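A.B. asks: Here's a structure for you.
The values are calculated or read from the model by the stated rules, or taken from the named source; none is laboratory data. Because the structure is predicted, anything quoted here is derived from the model rather than measured. Every residue, glycine as well, gets a Cβ built from its backbone with ideal geometry; the counts of neighbours run over all protein chains shown. Just the protein is used for accessible areas: all its heavy atoms, side chains included, with ligands, DNA and RNA removed. Shrake-Rupley method; radii C 1.70, N 1.55, O 1.52, S 1.80 Å.
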Amino acid sequence: KQFLVLICHNDLPWQLRIQFNNELNKVNLTTLETTHTNIPKIKTGRLGAQFWSAYVPCGAQYKDAVRQTLEQIDVIHRMCQKYPETFMFATSSQDIMEAFGMNKTASLIGVEGGHSIDSSLGTLRTMYQLGVRYLTLTHSCNTPWADNWLVDTGSEPSQHNGLSPFGKQLISEMNRLGMLIDLAHVTVTVMNQVLDLSEAPVIFSHSSAYSICPNKRNVPDDVLQRVKKTGGIVMVNFYNDYVTCNKAAKLSDVADHFDHIKKVAGADIVGFGGDYDGVTRLPEGLEDVSKVPNLVAELLRRGWTDEEVKDALGNNLLRVLRQVENVRDSLKAKSPDDVPIPYEEVESSCRTSYGYLNNGAAHSLSMLAPLLTVTLQLLITLSDA
């Protein structure tokens with residue numbers, strides 16, 4: 001059967017960095033065997049569309065995260081250019097369907113971690129222009145405007161009680177741009193705040209069901225129900241530790257997450273997240289991207305209808321993407337938000353303050369006027385004396 005298989009999270013670009021320093025000319029994706037993903041595996045797995053992750057670690061925050069993220073975006077573009085018979089670069093629901101019709105893998109970009117935009121709406125917009133279509137609000141570190149999932153484990157303090165005012169600005173700007181908001185990796189408080197604020201449906205690009213495996217990276221039932229009400233999607237993560245909360249897992253354990261999400265909120269909010277090439281342990285039967293059809297067979301065996309499986313494989317995410325595009329189109333008259341994050345929220349020795357008033361080197365002419373007045377008064381006083 002010809003199903004559109006759309007996987008929402010694949011970290012092959014990060015493997016290209018750590019294994020080859022992004023020297024794609026030295027890599028043959030047809031014969032590469034040190035990753036979960038290569039071209040033959042993609043063909044066997046029938047991947048019709050893939051969000052490639054432009055990810056850089058939290059260690060790059062406040063340093064060179066933006067540059068490194070741009071390099072990851074660049075390597076995704078170059079991968080599509082090097083293998084045009086396999087990949088078609090895509091930025092829209094229409095592009096995905098065109099690639100599917102040409103029997104190519106539609107290749108979209110998601111940026112994994114809000115630290116990649118360095119607290120800048122201008123950087124967010126620039127990345128959108130480069131083809132980025134989702135932003136994961138945090139990775140496993142707080143940003144100056146959002147709390148990450150580790151806060152819910154108690155291992156890190158909350159800095160913003162969810163989203164800061166700038167974080168709320170960002171949600172609104174992502175709606176205006178037509179960029180998917182990804183809530184994988186955030187706290188439950190952030191999940192609920194975004195579900196309150198966003199005009200468009202949200203995604204969890206690689207998260208599983210908390211009731212099946214109570215790891216804070218997973219999604220609790222009450223949030224699953226809210227995702228259902230708002231038309232969003234939860235894309236199941238295949239990482240063993242989030243599937244069984246143990247080092248070992250089987251394909252059937254992953255199917256249990258699909259069954260649970262379907263039971264709690266319906267088959268139309270579930271999708272395939274994967275997290276291939278971003279994790280160290282994968283379930284028996286889902287060892288690489290070629291094995292995705294095994295999970296399809298298991299869901300059918302469990303009584304999922306062809307329509308439900310088609311929806312989970314790709315149609316649910318396509319629906320969300322189309323709705324995000326519709327919200328963008330409805331906000332065409334709205335101006336870009338150009339109010340920057342307050343300087344005191346990002347001040348550091350690595351950050352200049354050009355353009356900000358009343359901050360360090362950025363004293364403006366408006367500050368000079370009162371200074372001159374004081375100086376003149378002082379001179380008059382001295383001359384009178």
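A.B. asks: For the chain, which cysteines have no second Cys with its Cβ under 4.7 Å from theirs?
C.D. replies: Taking the Cβ cut-off of 4.7 Å, the unpaired cysteines of the chain are CYS8, CYS80, CYS350.
A.B. asks: Under 17 Å from the 7 Å Cα→Cβ point of LYS334, by amide nitrogen: which residues of region 168-201?
C.D. replies: Only 168-182, 193-201 fall inside the zone, counting backbone N under 17 Å.
A.B. asks: Evaluate E = 1/(1 + (r/R0)^6) for CYS245 and ASP306, where r is the Cβ-Cβ distance and R0 equals 25 Å; express this FRET efficiency to the nearest 0.05.
C.D. replies: Efficiency for this residue pair is about 0.20.
A.B. asks: Here is a further query. Report, by chain and number, residues whose modeled amide H sits under 5 Å from the one on VAL219, excluding near sequence neighbours (fewer than 5 apart, same chain).
C.D. replies: Distant-sequence amide H within range of VAL219: SER208, ALA209, TYR210.
A.B. asks: Quick one: Karplus J couplings for region 198-211, per residue in order, coefficients 6.51, -1.76, 1.60, θ = phi - 60°, nearest Hz, x for Gly and Pro?
C.D. replies: Values per residue, Gly and Pro as x: 6, 7, 10, x, 10, 10, 10, 6, 7, 9, 10, 8, 4, 5 Hz.
A.B. asks: What's the angle, to the nearest 10 degrees (0 to 90), between helix 65-82's Cα axis and the longest principal axis of the chain?
C.D. replies: In the chain, helix 65-82 runs at an angle near 40 degrees to the longest axis.
A.B. asks: Enumerate the amide H contacts of MET88 below 5 Å, restricted to partners 5 or more residues apart or on another chain; note that Pro and chain-start residues carry no placed amide H.
C.D. replies: The answer is THR105, ALA106, SER107.
A.B. asks: Could I ask something else about it? Any idea of SER92's accessible area? Nearest 10 Å², probe 1.4 Å.
C.D. replies: Per-residue accessible area (SER92): approximately 30 Å².
A.B. asks: Hey, can you rank 236-242, 102-108, 246-252, 161-167 by average C-beta count inside 10 Å, highest first?
C.D. replies: The packing order, highest mean first, is 236-242, 102-108, 161-167, 246-252.
A.B. asks: Could you calculate the FRET efficiency of TYR343 with ASN21 from 1/(1 + (r/R0)^6), where r is the beta carbon distance between them and R0 is 41 Å, rounded to 0.05?
C.D. replies: Calculated transfer efficiency: 0.75.
A.B. asks: Another question about this same structure. Express the accessible area of region 5-332 per residue in Å², computed with a 1.4 Å probe while the remaining protein chains stay in the model.
C.D. replies: Accessible area per residue: 35 Å².
A.B. asks: For the chain, set up a Gaussian network in which alpha carbons nearer than 10 Å are linked by springs, and say which option among LEU121, LEU135, LEU180 fluctuates the most.
C.D. replies: Result for the chain, Cα springs under 10 Å: LEU121 fluctuates most.
A.B. asks: Hey, what did region 5-332 get for relative contact order, percent, Cα under 8 Å, at least 6 apart? All intermediate terms of the calculation are to be shown ahead of the outcome.
C.D. replies: Details: 673 pairs, mean separation 59.3, N = 328.
Relative contact order comes out at 18 percent.
A.B. asks: Under the rule of at least 5 residues apart or a separate chain, name every residue whose amide H is placed under 5 Å from the amide H of ALA146.
C.D. replies: SER164
A.B. asks: Compute the long axis of helix 292-301 from its Cα atoms, compare it with the longest principal axis of the Cα atoms of the chain, and write down the angle in degrees, 0 to 90, nearest 10.
C.D. replies: Computed tilt is about 60 degrees.
A.B. asks: With angles folded into 0 to 90 degrees, how steeply does helix 251-265 sit against the dominant principal axis of the chain? Use alpha carbons for both and round to 10.
C.D. replies: That helix lies at roughly 70 degrees to the long axis.
A.B. asks: Run the numbers for LYS43 and GLN377: contour at 0.36 nm per residue of separation, minus the present Cα-Cα distance, in nm.
C.D. replies: That pair, LYS43 and GLN377, stretches by 112.3 nm at full extension.
A.B. asks: While we're looking at this one, here's another question. Taking the full set of protein chains and a 1.4 angstrom probe, give the accessible area of ILE171 in square angstrom, rounded to the nearest 10.
C.D. replies: 0
A.B. asks: Cα gyration tensor of region 270-359, axes a ≥ b ≥ c as square roots of the eigenvalues: rounded (a/c below 1.5), prolate (a/b > b/c) or oblate?
C.D. replies: Since a/c reaches 1.5 but b/c is at least a/b, the shape of region 270-359 is classed as oblate.
A.B. asks: Another one. What order do MET88, MET235 take when sorted by accessible area (1.4 Å probe), most exposed first?
C.D. replies: Result, largest first: MET88, MET235.
A.B. asks: Can you run phi through the Karplus equation (6.51, -1.76, 1.60; θ = phi - 60°) for region 162-175 and list ³J(HN,Hα) in whole Hz, with x for Gly and Pro?
C.D. replies: Here the 3J(HN,Hα) series is x, 9, 7, x, 5, x, 6, 4, 4, 4, 4, 5, 5, 4 Hz.
A.B. asks: For region 238-311, what is the Kirkwood hydrodynamic radius in Å, using each pair of distinct C-alpha atoms?
C.D. replies: On the way: mean 1/r = 0.0801 Å⁻¹.
Computed over region 238-311, the radius equals 12.5 Å.
A.B. asks: How big is the Rg/Rh ratio for region 5-332, C-alpha atoms only, Rh by Kirkwood, two decimals?
C.D. replies: Details: Rg = 18.0 Å, Rh = 19.4 Å.
Using only Cα positions, Rg/Rh for region 5-332 is 0.93.
A.B. asks: What's the magnitude of the charge dipole for region 63-221 around its Cα centre, counting Lys and Arg as +1 and Asp and Glu as -1 at the beta-carbon? Answer in Debye, nearest 20. It would help to have the intermediate numbers written out before the result.
C.D. replies: Values: 11 positive and 16 negative charges, 47 e Å.
It works out to roughly 220 debye.
A.B. asks: Here is a follow-up. Using a 1.4 angstrom probe on the protein heavy atoms only, line up GLU287, GLU173, GLU298 by accessible area, largest first.
C.D. replies: GLU287, GLU298, GLU173
A.B. asks: Take every Cα pair under 8 Å in region 1-137 that's 6+ residues apart, average their separations, divide by the length, and report that relative contact order as a whole percent.
C.D. replies: It rounds to 26 percent for region 1-137.
A.B. asks: So, in Å, what gap is there between the alpha-carbon centers of region 164-207 and region 1-50?
C.D. replies: A separation of 28 Å, based on Cα centres.
A.B. asks: Continuing with the same structure: Under a Cβ-only charge scheme (Lys and Arg +1, Asp and Glu -1), can you give me the dipole magnitude of region 5-332 about the Cα centre, in debye to the nearest 20? Can you show the working numbers first?
C.D. replies: Values: 32 positive and 37 negative charges, 68 e Å.
That gives region 5-332 a dipole magnitude of about 320 debye.
A.B. asks: Continuing with the same structure: Using Cα centres only, tell me the gap between region 258-331 and region 100-132 in whole Å.
C.D. replies: When both Cα centres are located, 21 Å separates them.
A.B. asks: Counting only other residues whose beta carbon sits under 15 Å from that of PRO57, what net charge do I get with K and R as +1, D and E as -1?
C.D. replies: Taking every Cβ under 15 Å from that of PRO57, the sum is -3.
A.B. asks: Same structure again: Using a 1.4 angstrom probe on the protein heavy atoms only, could you order TRP304, TRP149 from most to least accessible area?
C.D. replies: Result of the area sort, largest leading: TRP149, TRP304.
A.B. asks: Calculate the FRET efficiency for ARG351 and SER211 from the Cβ-Cβ distance with a Förster distance of 35 Å, rounded to the nearest 0.05.
C.D. replies: Details: r = 42 Å, r/R0 = 1.20.
E between ARG351 and SER211, to the nearest 0.05, is 0.25.
A.B. asks: Ignoring ligands, DNA and RNA, what percent of the accessible area of the chain is carbon or sulfur (1.4 Å)?
C.D. replies: Percent of accessible area from carbon and sulfur atoms in the chain: 53.
A.B. asks: A further question on this structure: Residue by residue through region 180-185, what is 3J(HN,Hα) from phi via Karplus (6.51 cos²θ - 1.76 cosθ + 1.60, θ = phi - 60°)? Round to whole Hz and write x for glycine and proline.
C.D. replies: 5, 9, 9, 9, 4, 6
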